[in-house]
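Taken together, the values in this text are just the output of simple stated rules run on the coordinates, not laboratory data. Values in this document were obtained by computation on a predicted structure and should not be read as measured data. Heads up, the Cβs are rebuilt from the backbone with ideal geometry, glycines too, and the neighbour counts pull from every protein chain shown.
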Amino acid sequence: MRIEKSSCSQSEWDAFICSSPFGDVLQNYVYGEKKKAAGGTVARYAWYGDNGSLLALGQGIIKSRYGLRAQFFPRGPVFKEYNLTVIKQAYKELRINQKKNGLFLSKCTPGFPYVDEYLNIESRYFKKARMRNICQRTSRLDISPSTSELLGSFRKNLRYYLRKDDKNNLYKIMSGVNSELIYDFNLIHQETASKKGFGAHTSTYYEEFIPAFNFDFSRVFLLYKDKKPLAGAVILTHEKKATYLVGASLSDKDIPVGSVLLWNIIQQLKEEGVELFDFQGIPINPDSKKPEWGVYQAKRGFRGEEILLVPEINIYSNPAAAYFLKSVI
């Protein structure tokens, strides 16, 4: 097996990602281009078998951590099939490559459904991540049924609030990539992050990320009441699948506005031909005291299929660094 910088064109890259049962929008070529437009550094890799066949592709987002360079593969690398021997060899090749290129860490989160066997991959250099468990579990909703069928499948309290909103018509929903919507999203995102105590990108990040490269791939949805933004979400769409990338909401005494926004997003995506909505990240062990509790409550009401994925694996160039950092990364 060998690893090299990918020479795949956008169409070749996306064709492979879409053909894999483990492919994800976050490994889509356009997602990487948008990360670059927002100031990020992206590295794309290809793994080939001894016979020259393409086994996997991976798009890594390179960042600095503790003064050292690391790369994160969101829902990647993407393998053609699940084969633990191939995966372990691919990780070995990745470690050799990252060491040559001055990176101390690669964080891999492939979209394999959980199997105990995967934990056998741990070694001196490969360590299961101790944090970020929200990356390991997701909820996916088939939105191809009729609107009435979908509504009937939701939790009772969610149905109540959605029907209340439909009757009272309290809110206005807008979507797009224009600067006014992105500005309003930034306002509530920064305020929510400050109140809840979770991390947020800088105010300029989404101004660069959302409109860049391909308008059809990402957009922002906003919910307003009396012209005031109360909830927002950034949604990624590719072919018949959409992914919730990030969202934020402020409290409103009348109704859970985050849930109302999600329902309106789902209805609009249905009209556009999308069939699967990925809520992208729910806690393994939900805790009402944690910052992610609110968004978890909003997502769980839709009763999507909850899927446990294999854990994030940290690949270290130096085993001493693995020993020192494994408890905090």
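For the reader, a short list of remarks on this structure follows.
- Semi-axes of the equivalent ellipsoid for region 138-308, computed as √(5λ) from the eigenvalues of its C-alpha gyration tensor and ordered from largest down, come to 22, 19, 17 Å.
- Pairwise FRET efficiency - Lys100 versus Val177, Cβ, R0 = 35 Å, nearest 0.05: 0.35
- The chain - percent relative contact order, Cα under 8 Å, separation 6 or more: 24
- GNM flexibility winner over the chain from Pro229, Pro110, Pro311 (Cα, springs under 10 Å): Pro229
- Only helical runs count toward this figure. For the chain, summing -39,500 (n - 2.57) over DSSP H runs of n ≥ 4 and dividing by all residues gives -10000 deg cm²/dmol at 222 nm.
- Here's the picture: a label point sits 7 Å out from the Cα of Tyr114 along the beta-carbon direction, and within region 268-309 the residues with their amide nitrogen under 13 Å of it are 282-286, 306-309.
- Amide H contacts under 5 Å for Val246, placed H, 5+ residues apart: Val234
- Of all lysines in the structure, the ones whose alpha carbon falls short of 18 Å from that of Lys127, not counting any fewer than 8 places away in one chain, are Lys88, Lys92, Lys99, Lys107, Lys326.
- Positive-pole candidate from Ile182, Gly60, Asn285, dipole of the chain, charges at beta carbon: Asn285
- Remark on Arg69: its backbone amide H falls under 5 Å from those of Phe104, a criterion applied only to residues 5 or more positions apart or on other chains, H modelled at 1.01 Å from N.
- Length-normalised contact order for region 138-308 - Cα pairs under 8 Å, 6+ apart - percent: 34
- As a length-normalised measure over Cα pairs under 8 Å and 6 or more apart, the relative contact order of region 36-140 settles at 21 percent.
- Extension gain from Glu207 to Asp50, taking 0.36 nm per residue of separation minus the Cα-Cα distance: 52.2 nm
- The distance between label points at Tyr160 and Arg2 comes to 6.4 nm (points 7 Å beyond Cα on the Cα→Cβ vector).
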